[in-house]
Amino acid sequence: MSEKLMEVDVAIIGSGPAGLAAAIELRKRGVEKLVIVERESEAGGIPRHCGHPPFGMVEFHRVLTGPQYAKRLVDQAMKAGVNILTRHSVTRILPAGKLEVATPEGPITILSKRVLIATGVRETPRSTRLVSGARPLGITTTGALQSMIYLKGLVPFKRPVIIGTELVAFSSVMTAFKGSIKPVAMIEKNSRITARHPCQLIALFKCVPLLLNTELKEILGVSTVEGVSVKDTKTGQSRIIECDGVIFTGKFIPESALARISHLKLDRASGGLEIDQFARCSDPVYFGAGNILRPVETAGWSYQEGRRVGGLIADDLENKLPIINQPEVLCICENPIKLVVPQRIISTQTDGFKHLQLRVSRALKGELIIESDHGLVWKKKMSILPERRILIPISALNFSKDTKILRVYFKE
Ligand SMILES: Cc1cc2nc3c(=O)[nH]c(=O)nc-3n(C[C@H](O)[C@H](O)[C@H](O)COP(=O)(O)OP(=O)(O)OC[C@H]3O[C@@H](n4cnc5c(N)ncnc54)[C@H](O)[C@@H]3O)c2cc1C
């Protein structure tokens, strides 16, 4: 039996805020043959199972919960005539915009003039965090917990410990209470929370003890979780906290499984797609938008980025983007700068991404510096915390035409 073939102008992989926003923009720009491919049974991406506010303040001037926000985006896309194929999983991406897709009716192939990859991020699970102990039931991530509580009505435990203090950890506090779960502690190995002040008030109001300078050493229990062994990072003393579950939060990684087995280049620093300032991948048929580009941004940011990239794809279909084979400047970051996006720049006069986006891996005070192979290009004194968005206007980078590399580093 011959495999079904679908031919389109643009295929979008992922129906989160980035993919939906791009699709709506492409429809506005008159692109007719457009499809979103989504592996889940409903469109909307991560916000679908973030059953708490605040979402949608910039896009809809309202404070919405995640599911309300996702529904509005999906409704907008449907109204714009976007074809969303749910329960369709892209299993391979190949040169020339060829996608292999698994569907409930069997495999199909999509051939697309341009492809947007908008597959988002996920949290690092226990398996890759190298935590000792057996594999008892009751260990999860915030994403999996949200999906259990908000989408399936399941309650996996009653007294878990939450590991980490990124924003999403406080989201897991709210999710837990929604399922009548009472976390016994939230632990953070550093001396301050990773999320912004005053997120710790969420833990305080919900009476969840926040233990700073505390590191997880081992998960105890054989068939179900019975406790965790933790160490005070200042005194070195260990103790046991009794609990019946563990929620690993944050430490986001781009959902780049598809790209990893493809011909596309990945950026080792961000773990996401390597792109130029017009969001084009190493194969310019492919584009990237949303959290596949970097861990991690908000839904609002991903939506805006999706819209922008949707516009760039429409420009490209009309041959309005700069040609790809002109000399590019490579942006390289040095520890403790964790990532820089986009990684390739053609020009400082840009209708593409307006900024270099940066993240650092620890709290820093000093000077952020960008140097080319010819000398200083940009610098600024600053204090930066991890997981904060840092934006540098591309138009402010003063580099000469024969520049090959921009080195982004921090002097403490
Ligand atoms: C657990 C968790 C909680 C979060 N909580 C918040 C929050 O409270 N507020 C906030 O602003 N941000 C939150 N975020 C950040 C979140 O990533 C952004 O809000 C936003 O969802 C990013 O949009 P996106 O379109 O890039 O990706 P996503 O929303 O992640 O959408 C990606 C979509 O791609 C689909 N997909 C992936 N691979 C394939 C494939 N091979 N084939 C077909 N479809 C595929 C996925 O099913 C998914 O629907 C959270 C993230 C996580 C992981």
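The values are calculated or read from the model by the stated rules, or taken from the named source; none is laboratory data. The model shown is predicted, which means the values in this text are computed figures rather than measured ones. Using ideal geometry, Cβ is built from the backbone for each residue, glycine included, and neighbour counts are taken over all protein chains shown.
Here the condition is being among the aromatic types (F, W, Y), surrounded by fewer than 22 Cβ atoms within 10 Å (Cβ to Cβ) and within 30 Å of V74 (Cα to Cα); of W378, W301, it holds for W301 alone. Every condition in (1) touching a residue at least 24 places away in the same chain (Cβ under 8 Å); (2) under 21 Å from the mean Cα position of the chain (by Cα); (3) more than 30 Å from E188 (Cβ to Cβ) holds for S347 except the one numbered (2).
For the stretch 260-295, a residue qualifies if it is surrounded by fewer than 24 Cβ atoms within 10 Å (Cβ to Cβ), out of contact with any Asp or Glu (no Cβ under 9 Å at 6 or more places or on another chain) and closer than 14 Å to L116 by Cα, and the qualifying residues are D283, V285. Among the residues making up the stretch 230-247, those that are in contact (Cβ under 8 Å) with a residue 24 or more places away in the chain and under 21 Å from R159 (Cβ atoms) are V230, I241, E242, C243, D244, G245, V246, I247. Quick check, is G66 touching a Cys at 6+ places or on another chain (Cβ under 8 Å) and in contact (Cβ under 8 Å) with a residue 60 or more places away in the chain? The answer is yes for G66. Would you confirm, using the coordinates I've provided, whether P107 is touching a Phe, Trp or Tyr at 6+ places or on another chain (Cβ under 9 Å) and more than 11 Å from the ligand (Cβ to nearest atom)? The answer is no for P107.
Specify which of the listed residues (V58, V10, V90, V82) is surrounded by fewer than 17 Cβ atoms within 10 Å (Cβ to Cβ), β-branched (V, I, T) and touching a helix residue (DSSP H, G or I) at 6+ places or on another chain (Cβ under 9 Å).
Of V58, V10, V90, V82, the one residue that is surrounded by fewer than 17 Cβ atoms within 10 Å (Cβ to Cβ), β-branched (V, I, T) and touching a helix residue (DSSP H, G or I) at 6+ places or on another chain (Cβ under 9 Å) is V58.
Against the definition (at pLDDT below 95 and closer than 27 Å to D402 by Cβ), how does I346 come out, yes or no? Against the criterion (at pLDDT below 95 and closer than 27 Å to D402 by Cβ), I346 qualifies. When the residues of the stretch 1-22 are filtered to those that are of a type in the set (A, V, I, L, M, F, W, C), modelled with pLDDT of 95 or more and more than 11 Å from the ligand (Cβ to nearest atom), the one that is nearest to A169 (Cα to Cα) is V10. In the set (1) under 27 Å from the mean Cα position of the chain (by Cα); (2) without any contact (Cβ under 8 Å) to a residue 12 or more places away in the chain; (3) within 16 Å of E166 (Cα to Cα), the condition left unmet by G250 is number (2).
Go through (1) under 20 Å from S172 (Cα atoms); (2) within 20 Å of the chain's Cα centre (by Cα) for M148 and report which single condition fails. With (1) under 20 Å from S172 (Cα atoms); (2) within 20 Å of the chain's Cα centre (by Cα) applied to M148, the lone miss is (2).
Count of the stretch 233-244 residues, restricted to those that are of a type outside the set (S, T, Y) and in contact with a Ser or Thr (Cβ under 7 Å, 6 or more places away or on another chain), is 2.
Of the listed requirements (1) touching a strand residue (DSSP E or B) at 6+ places or on another chain (Cβ under 6 Å); (2) more than 15 Å from G306 (Cα to Cα), C50 misses just one: (1).
A single entry from G30, G16, G97 fulfils the requirement of being within 22 Å of the chain's Cα centre (by Cα) and of a type in the set (G, A, S): G16.
Residue count for the stretch 246-261 satisfying the condition of being away from the ligand (no atom under 11 Å from the Cβ) and either at positive phi or touching a helix residue (DSSP H, G or I) at 6+ places or on another chain (Cβ under 9 Å) (or both): 1.
This table checks each residue for (1) near the ligand (Cβ under 10 Å from one of its atoms); (2) modelled with pLDDT under 95; (3) outside any helix (DSSP H, G or I); (4) hydroxyl-bearing (S, T, Y).
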| residue | (1), (2), (3), (4) |
| --- | --- |
| P284 | no, no, yes, no |
| V296 | yes, yes, yes, no |
| S302 | yes, no, no, yes |
| R307 | no, no, no, no |
| G310 | no, no, no, no |
| A314 | no, no, no, no |
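This table checks each residue for (1) within 28 Å of P17 (Cα to Cα); (2) in contact with a helix residue (DSSP H, G or I) (Cβ under 9 Å, 6 or more places away or on another chain); (3) hydroxyl-bearing (S, T, Y).
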position	(1), (2), (3)
D316	yes, no, no
K354	yes, yes, no
W378	no, yes, no
I405	no, no, no
